[in-house]
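The values are calculated or read from the model by the stated rules, or taken from the named source; none is laboratory data. Note that the structure is predicted; figures quoted are calculated from it, not measured. Note that each Cβ is placed from the backbone with ideal geometry, even for glycine, and that neighbours are counted across all protein chains shown. In case anyone asks, the SASA skips ligands and DNA or RNA and just uses the protein heavy atoms, side chains included. Shrake-Rupley method; radii C 1.70, N 1.55, O 1.52, S 1.80 Å.
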Amino acid sequence: MTSEVAPKSMLSRVFNGAKQLAIMLVIFTLFSAALDLWRSRDIPTDNLPDLQAMTLNGNGVDVLAMSYQEPVLVYFWGTWCPVCSFVSPSVDIMATHYSVVTVAMNSGNNEKLAKYLAHKEYDFKVVNDEKGQLSHDWSVNVTPTLMVIKDGELQYYTSGFTSLPGMWWRMLLA
């Protein structure tokens with residue numbers, strides 16, 4: 001006697017696939033959040049180091065003062081960082097809607113950095129941390145690193161690849 005098993009419907013297979021994908025996304029999100037917490041353990045959330053500097057275009061920035069007006073996305077990156085080449089375009093988009101200050105870590109002199117920015121067509125504000133002093137003061141050891149500062153306090157911290165929606169949510173929730 002043979003018994004036939006009815007084939008799964010297409011809808012059932014799509015539902016099961018979507019369920020597995022959702023479970024994987026939840027696990028990835030939890031792992032990523034735990035990793036961010038571990039990486040940020042040495043970074044104070046208040047009494048942040050001063051970040052008053054001149055941008056490449058000659059304008060002064062004061063991140064802590066700016067953060068009392070609206071949240072500020074601070075982006076530590078490098079021209080030499082392969083992951084930054086994926087994150088920087090999203091930061092450039094964010095800069096058209098929010099206050100964004102970027103710190104180029106160990107990326108050469110101002111002229112070299114300006115050429116890189118022109119070639120990539122990035123318009124965000126850039127402070128050149130040629131010797132790595134600012135990144136040291138802020139305890140940044142991994143690039144890219146993004147921080148959201150609001151009212152002089154660190155609200156969100158993440159390092160490594162960050163998506164545009166991830167940046168949007170952090171800025172909206174700050």
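Points worth noting:
- Helix 110-120 vs. the chain, principal-axis angle (Cα, 0 to 90°, nearest 10): 30 degrees
- Entry note, segment 34-174: relative contact order of 32 percent, from Cα contacts under 8 Å with a spacing of 6+ residues.
- Farthest towards the positive end of the charge dipole of the chain, among the residues S88, N47, F161, is the Cα of F161, using unit charges on the Cβ of Lys, Arg, Asp and Glu.
- For the chain, with all protein chains in place and a probe radius of 1.4 Å, 59% of the accessible heavy-atom surface sits on carbon or sulfur.
- Pairs of lysine residues in the chain that meet both criteria, 8 or more places apart or on different chains and Cα atoms under 21 Å apart, total 7.
- Ligands, DNA and RNA are left out, and with a 1.4 angstrom probe the accessible area of the chain is 61 Å² per residue.
- Cα-based helix-to-principal-axis angle, 10-39 vs the chain, degrees rounded to 10: 30 degrees
- Calculated from the structure at hand, Rg/Rh (Cα atoms, Kirkwood Rh) is found among (1) 1.16; (2) 1.07; (3) 1.00 as (1).
- With Cα atoms, 0 to 90° folded angle of helix 84-94 axis to the chain main axis: 80 degrees
- Taking the C-alpha atoms of segment 81-170, convex hull volume expressed per residue in Å³: 95 Å³
- MRE, 222 nm, helices only [DSSP H, n ≥ 4, -39500 (n - 2.57), over the chain, to nearest 500]: -13000 deg cm²/dmol
- Extension reserve of the F15-A114 stretch, reckoned as 0.36 nm per residue once the Cα distance is removed: 30.7 nm
- Stretched out straight at 0.36 nm per residue, the stretch from T55 to E153 would grow longer than its current Cα-Cα span by 33.1 nm.
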